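These notes are about the structure you will find just below.
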Amino acid sequence: MKSYDIIVIGFGKAGKTLAGKMAAIGKKVALVEQNAANYGGTCINIGCIPTKTLIQAAENNLTFEQAMTLKETVTTRLRNKNQMVLENSGTDLINAHAKFISNKVIEVSAGDETEHLTAETIIINTGAVSNVFPIPGLLESKNVVDSTGIQNLPEQPKRLGIIGGGNIGLEFASLYARLGSQVTVFENSPVILGRYEEVAAKLAQQYLEEDGVSFVLGSQVEAVANRGEEVVVTESGKEYVFDTVMYAMGRKPATEGLGLENTDIVVTDRGAVQVDDYCETTVPGVYAVGDVNGGLQFTYTSLDDFRIVFGKLTDYGHYNLQSRQNVPNSLFIEPALSQVGLTEKAAQEAGLPYKANELLVANMPRAHVNNDLRGVYKVIVNTETNEILGATLFGSGSHEIINLIKMAMDNKIPYTYLKNQIFTHPTMAENLNDVFNF
Ligand SMILES: Cc1cc2nc3c(=O)[nH]c(=O)nc-3n(C[C@H](O)[C@H](O)[C@H](O)COP(=O)(O)OP(=O)(O)OC[C@H]3O[C@@H](n4cnc5c(N)ncnc54)[C@H](O)[C@@H]3O)c2cc1C
């Protein structure tokens, strides 16, 4: 049996960063990844980077074929770079499936070859996989794909059906509509983006519809079937016909086949690996980081899990999941919709003393320069402390500016500072002066 100081299972954001850093301080590290096409993780290969490359390509008016070629170039470049950086760090990169056979022993298998590895510290970083709801015919039908399959279509579907109007579903709806497909989104809820500010959610739906997306809201998809090469979706007794259907019903922690039943690691009711505030599982020395531990599914939260575990292993700090605050998010539709902290409804429900302000993007000078007047900014502040409780920025470039507000919130900078801060001009950021001008 081969012995290491640290074994990382999965080439995700947290795991690869941890492997590299631990190897750099002289630890003997192995990283096991079952899928060489996924070296560097979900984000680089089938998540954030390819999707945003496609979205940017569509904005730049590239064709479907040009966009797909560009996406392939970008992901290949980043995958190769990630492999090189990891190998140069001195980490043993093992291309195999990993499975626990006891608390501290991992079986790695590739083809007919099997080997056992052991380490005192083991990091589970296996990510998440697409949820599949029990819709008759969904998995059995041809031309039905998930978020990975839709990135590898040989040709652009003229008619695309998307089951699920969450972040992933809406980003692909926006993308394919802009590429010229007719897109229909089936969403279970009566509204889209129900957790966002209502004013932004309504505008988002309007802009998506203007771009050519149709919505079937409050829908219950009853069945999916093929008619020749076409895919027929039945909803409320009505048939909708597509060339391709994508299902996007969320992603669940990837624990299947990991052999957790052979360990004392506890899995939560929702299928995630249970962790404490330091991402440590119920087996001391075994950690779970990234999507697999059931936290927010973002690359930057996976990276933040790395910070927590690295701090714990090296005694550098006491930062933990309790210290994490104000996690922002951006939805990359057109324009980007970004949010941090509370919505007005949440502030109201929490009984906080607050005031709210809204500013239409059409009132912002830079928006006229950009020739893009779509969107709205909305902010909520605490009337007793002057602290910022939350912000929704819907408009071009909001995915950059939201990080400024997160920093102000983390540091309890009063909203009046942003109201009076000097910003460069003409920029979208300068409009924080006005939206915080109560
Ligand atoms: C379409 C899409 C778009 C997204 N867009 C964004 C975005 O814009 N911004 C953002 O922040 N996040 C985005 N995300 C989410 C983000 O990609 C994930 O939250 C993040 O990549 C999770 O990383 P991770 O560290 O958990 O592990 P991952 O990067 O998922 O890596 C897990 C790895 O473990 C391997 N593995 C699993 N089981 C085993 C095993 N038993 N043995 C060996 N290897 C194994 C897998 O093959 C995989 O490579 C997106 C996700 C998707 C699907």
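So how many Å³ per residue does the convex hull of the Cα atoms of the chain work out to?
Dividing the Cα hull volume of the chain by its residues yields 162 Å³.
Probe of 1.4 angstrom, ligands and nucleic acids ignored: what's the accessible area per residue over the chain, in square angstrom?
With the other protein chains kept in place, the chain gives 45 Å² per residue.
Based on the Cα gyration tensor of the range 329-435, what are the three equivalent ellipsoid semi-axes, each the root of five times an eigenvalue, rounded to whole Å and given largest first?
Result for the range 329-435: semi-axes of 22, 15, 12 Å.
For the chain, modelled as a GNM with alpha-carbon contacts under 10 angstrom, which of Thr51, Thr17, Thr268 fluctuates the most?
Of the options given, Thr268 has the highest mean-square fluctuation.
Rounded to the nearest 500, what is the 222 nm mean residue ellipticity of the chain from helices alone, with -39500 (n - 2.57) per DSSP H run of 4+ residues and division by all residues?
Mean residue ellipticity, 222 nm, calculated: -9000 deg cm²/dmol.
Name the most mobile residue of Gly41, Gly137, Gly26, meaning the one with the largest mean-square fluctuation, in a Gaussian network model of the chain with Cα contacts below 10 Å.
Fluctuation is largest for Gly26.
Counting only the heavy atoms of the protein chains, how much of Met22 is accessible to a 1.4 Å probe, in Å² to the nearest 10?
10 Å²
When 1/r is averaged over all different Cα pairs and the result inverted, which Kirkwood radius in Å belongs to the range 1-94?
Its Kirkwood hydrodynamic radius stands at 14.1 Å.
For the chain, which whole-number percentage of the solvent-accessible area (1.4 Å probe, protein heavy atoms only) is attributable to carbon and sulfur atoms?
Ligands and nucleic acids excluded, carbon and sulfur reach 49 percent.
For the range 144-247, report the % of Cα-Cα distances exceeding 17 Å.
49 percent
If you plug each phi of the range 67-74 into the Karplus form 6.51 cos²θ - 1.76 cosθ + 1.60 with θ = phi - 60°, what whole-Hz ³J(HN,Hα) values come out, in order, with x for Gly and Pro?
5, 5, 5, 4, 4, 5, 4, 5
Using a 10 angstrom cutoff on alpha carbons, build the Gaussian network for the chain and name the most mobile of Tyr247, Tyr278, Tyr354.
Tyr354
Could you sort Ile422, Ile46 by their accessible area in this structure, using a 1.4 Å probe and putting the largest first?
Of Ile422, Ile46, the descending order of accessible area is Ile422, Ile46.
How far is the Cα center of the range 27-88 from the Cα center of the range 131-210, in Å?
22 Å
For the chain, give the magnitude of the charge dipole about the Cα centre (Cβ charges: +1 Lys/Arg, -1 Asp/Glu; no others), in debye to the nearest 20.
Approximately 800 debye in magnitude.
Which whole-Hz ³J(HN,Hα) couplings does the range 284-294 yield from phi under the Karplus relation 6.51 cos²θ - 1.76 cosθ + 1.60, θ = phi - 60°, glycine and proline marked x?
Result, ordered by residue: x, x, 10, 10, 10, 10, x, 4, 5, 8, x Hz.
Order the following by accessible area, largest value first: Thr184, Thr282. Probe radius 1.4 Å; ligands, DNA and RNA are ignored.
Descending accessible area places them as Thr282, Thr184.
Quote to one decimal, in nm, the extra length available between Lys202 and Lys2 on full extension: 0.36 nm per residue of separation minus the C-alpha distance between them.
Result for the pair: 66.3 nm of gain on full extension.
The values are calculated or read from the model by the stated rules, or taken from the named source; none is laboratory data. Since the structure is predicted, the reported quantities are computational estimates derived from the model, not experimental observations. Ideal geometry is used to build each Cβ from the backbone, glycine not excepted, and the neighbour counts take in all protein chains shown. Heavy atoms of the whole protein, side chains included, go into the accessibility calculation; ligands, DNA and RNA do not. Shrake-Rupley method; radii C 1.70, N 1.55, O 1.52, S 1.80 Å.
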